[in-house]
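Reading through the structure tokens given below for one structure.
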Amino acid sequence: MAPVPPGIRFLTSFNRDQWYRAFTFGLTFLLYTSFHLSRKPISIVKSELHKNCSHVMEAPTESSSSQQPVLHPELDCSWKPFDRNNYKQLLGAMDYSFLCAYAIGMYLSGIIGERLPIRLYLTVGMLTSGLFTCLFGLGYIYDIHSLGFYIFVQVANGLVQTTGWPSVVTCIGNWFGKGRRGLIMGLWNSHTSVGNILGSLIAGYYVSSNWGLSFIVPGVIIAAMGVICFLFLIEHMDTKPFFFCFLTGSWDTELLLGQESIGVCVPVQQVVVVKSEAEPSAISFMGALRIPGVVEFSLCLLFAKLVSYTFLFWLPLYITKTAHLDAKKAGDLSTLFDVGGIVGGILAGVLSDKLGKRATTCAVMLLLAAPTLYGFSMMSQFGLGPTIGMLLVCGGLVNGPYALITTAVSADLGTHKSLKGNARALSTVTAIIDGTGSVGAAVGPLLAGLLSARGWDQVFYMLMTADFLALLVS
């Protein structure tokens, strides 16, 4: 008899629950990656919406007395209405419209998500988000120059994108306990940075030739992931994916009858979830606020997310203006901030697991972040090398606390001992914390648009102040 290949032996060394967890981990990772992938294009396209056209040259004609090229600074290659002198304020208003709608919608999203099937709720959100992301890009295809159109699309997209975070955190929280939660969720939360990186690269590829595709391609991707979500997302440990049963010999889906029959596949027509008659009801909004730590971490995230989202929406434009790079190169360089964010999120999770103190870990990283932001504002003037180094360090220190609070801390508070085992609070708690953070995410880019008109140093002073305030309330 031929020996079993080592790869097969490795695969069969894991039990079914471990495979289910790995599957859910990977799927939810990809789902939320597509959310951030679809948010990133606006920051890449900003420099294309308003272009400095003083470089536009026309070759001399035969009738021209001069043989030198003629400079035409009056020729405008900006996309109306972003050709005005207050274009930074207009771009900031677009950011604000998306993020303000996101912040308001988030408070409602968690409450709604606790009462609806997560799979269906998330699927609808992803499909509609894909629609509105594509609509923004179609503004280029159909030559739409109405500010109201772009504001409407941003508001609508902000509302439907609130379905994502509470749903995926609830799902991952249902599958993973508190053991090593910081490390697991630190790794898992890297989807935020991975989505930003992919979104930057995709948008950057099309931005100079057809910026409409910078939105349409990510919109199609998130809509396609919505279909995958509908087909494969497993909300809770009480249900298992049908194809796992197929791989183990059953041609249909699995009926989970209780603890004694875990791992038994029975041919049935549909997946059945057996629920206890005494299942606890979903927690109220005020009940979630009374959980110890929810208010404090919500306020901390407000300021931490203000800093993170200011970088998310304005970093490529800042690099374009200070380093004098084109939109594609600036977008590619800005991905280093997210690379640092991946390392920072994982490091924050590992440290918080080792120390057993989430708040202390956040406080230390926030304390280091403020002077690092000042260093970045100085170093970015000294060439590409220092800029790359400071982007990596800033990304780690800024996104580390943000990642820890939105994942491990939210999951800890959503399963707090004061809830007495009620697992139906996780979505609401997550929505409250992230919704409050999204208020900061809305204010940060708006302030950046206003302050940058008086100099980029004013923006960095604002970011350092926000970091210190986050430290005070953590």
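For the range 197-210, a residue qualifies if it is in contact (Cβ under 8 Å) with a residue 12 or more places away in the chain and open to solvent by 10 Å² or more (accessible area, probe 1.4 Å), and the qualifying residues are ILE197, LEU198, LEU201, ILE202, TYR205, SER208, ASN210. All conditions but one from (1) over 23 Å from GLY199 (Cβ atoms); (2) of a type in the set (Ser, Thr, Tyr); (3) at pLDDT below 85 apply to THR322; the one that does not is (1). If you take the residues in the range 382-399 that are on the phi < 0 side of the Ramachandran plot and among the small types (Gly, Ala, Ser), which one is most open to solvent (accessible area, probe 1.4 Å)? Only one residue tops the list, namely GLY385. For the criterion of being modelled with pLDDT of 90 or more, in contact with a Cys (Cβ under 7 Å, 6 or more places away or on another chain) and not in a loop (DSSP other than H, G, I, E, B), THR28 passes.
Report, by residue number, each residue of the range 43-59 that is open to solvent by 10 Å² or more (accessible area, probe 1.4 Å) and either among the small types (Gly, Ala, Ser) or at pLDDT 95 or above (or both). If the condition is that a residue be open to solvent by 10 Å² or more (accessible area, probe 1.4 Å) and either among the small types (Gly, Ala, Ser) or at pLDDT 95 or above (or both), then SER47, SER54, ALA59 are the ones that fit. For the range 143-182, residues that are part of a helix (DSSP H, G or I) and open to solvent by 40 Å² or more (accessible area, probe 1.4 Å) total 7.
Among residues of the range 305-354 being without any contact (Cβ under 8 Å) to a residue 60 or more places away in the chain and outside any helix (DSSP H, G or I), the one that is surrounded by the fewest Cβ atoms within 10 Å (Cβ to Cβ) is HIS324. Given the criterion surrounded by fewer than 18 Cβ atoms within 10 Å (Cβ to Cβ), among the small types (Gly, Ala, Ser) and modelled with pLDDT of 75 or more, identify the matching residue among ALA22, ALA103. ALA22 is the lone residue from the list that is surrounded by fewer than 18 Cβ atoms within 10 Å (Cβ to Cβ), among the small types (Gly, Ala, Ser) and modelled with pLDDT of 75 or more. Only one of the listed residues (LEU451, LEU471) is open to solvent by less than 50 Å² (accessible area, probe 1.4 Å), free of Cβ contacts under 8 Å to residues at least 60 places away in the same chain and hydrophobic (A, V, I, L, M, F, W, C). That residue is LEU451.
Confirm whether PRO73 is open to solvent by less than 50 Å² (accessible area, probe 1.4 Å), more than 23 Å from the chain's Cα centre (by Cα) and modelled with pLDDT under 65. In short, no. Residues in the range 32-42 that are more than 12 Å from GLN161 (Cα to Cα) and surrounded by fewer than 24 Cβ atoms within 10 Å (Cβ to Cβ): 1 in all.
Residues in the range 367-376 that are in contact with a Phe, Trp or Tyr (Cβ under 8 Å, 6 or more places away or on another chain) and either of a type in the set (A, V, I, L, M) or surrounded by fewer than 17 Cβ atoms within 10 Å (Cβ to Cβ) (or both): ALA370, LEU373, TYR374. Only residues that are assigned to a loop (DSSP other than H, G, I, E, B) and either touching a Lys or Arg at 6+ places or on another chain (Cβ under 6 Å) or not β-branched (Val, Ile, Thr) (or both) were counted across the range 1-19, and they come to 7. Taken as a whole, the structure leaves ASN157 outside the set of residues that are farther than 17 Å from LEU404 by Cα and modelled with pLDDT under 90. Taking the condition modelled with pLDDT under 80 and within 31 Å of the chain's Cα centre (by Cα), does SER78 pass? The answer is yes for SER78. All conditions in (1) at negative phi; (2) surrounded by fewer than 24 Cβ atoms within 10 Å (Cβ to Cβ) hold for ALA425, with the sole exception of (2). The residues of the range 209-229 that are of a type in the set (Ser, Thr, Tyr) and out of contact with any helix residue (DSSP H, G or I) (no Cβ under 6 Å at 6 or more places or on another chain) amount to a single one, SER209.
List the residue pairs whose Cβ atoms are under 8 Å apart, where the first residue sits in the range 131-157 and is over 16 Å from ARG39 (Cα atoms), the second is open to solvent by 50 Å² or more (accessible area, probe 1.4 Å) and aliphatic (A, V, I, L, M), and the two are 6 or more positions apart or on different chains. If the second residue must be open to solvent by 50 Å² or more (accessible area, probe 1.4 Å) and aliphatic (A, V, I, L, M), the pairs left are ILE144/LEU138.
The values are calculated or read from the model by the stated rules, or taken from the named source; none is laboratory data. Worth saying up front: this structure is predicted, and the values here are computed from it rather than measured. With ideal geometry, Cβ positions are generated from the backbone for all residues, glycine too; neighbour counts draw on all protein chains shown. These area figures cover heavy atoms from the full protein model, side chains too; ligands, DNA and RNA do not enter into them. Shrake-Rupley method; radii C 1.70, N 1.55, O 1.52, S 1.80 Å.
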